[in-house]
1. For a distance above 21 Å, tell me the whole-number percent of Cα pairs in segment 41-184 that qualify.
2. With a 10 Å Cβ neighbour count serving as the proxy for reagent exposure, in which order, fewest first, do Asp61, Asp153 appear?
3. Note down the nm distance, to one decimal, between modelled labels 7 Å out along Cα→Cβ at Ser172 and at Asp86.
4. Ranking Glu146, Glu73, Glu163 by Cβ neighbours within 10 Å, fewest first, what do you get?
Amino acid sequence: MKYLKTITILAVAFTSLTAMSCKDEKKVQANTEGEKQEMAMNTDQDGKAEAILADYFNLKDVLVADDNAKAKEFGATLAKSLGNLDISKYSESQKTQLKEIIKDAAKHAEHISESDIKHQREHFKTLSKDITEMVAITGTSNTLYEQYCPMYDGGTAWLSTKEEVRNPYYGSQMLKCGKVQREIN
């Protein structure tokens, strides 16, 4: 009986320590070009990163609605908010990664602000990959859904705040084409 109590106490202590050590990070699986890897997601959210996500979701929604003019407007807004991300609180490695991600994402957002809808959607593909990589570093206070359309350009993912699929690559042509690939929270 004494042996059973000792094992129970050790099990509770181990579980408590494990839970505490995982408090600051969440593990998410990323599917990068068919290759699975684990990434640590920082849960210390940045308000400007959340603003970038809001601008990204606005852009996604107008692409779903086939609205070229609004997509140009939101592309410009997103490019500006990407330039405002404060990376000072991140590690050197994260800063380097974020600089590359932001530079690439801003370039694609600017192209979206100057293009027809077909070209906007082409740039949105890479932009979505960049924003997903940014979220892996900055974290988010919201549950996000990485959705995937196997039909667009050999298969393409994007982020959404809703589980229901609304395809920004085909809009009204194939509004519900896709599936939820993973949940990020």
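None of the figures in this text is laboratory data; all of them are computed from the coordinates on show. Since we're looking at a predicted model, the values are computed, not measured. All Cβ positions, even for glycine, are placed from backbone atoms using ideal geometry, and neighbour counts span all protein chains on display.
1. 37 percent
2. Asp153, Asp61
3. 4.3 nm
4. Glu163, Glu73, Glu146
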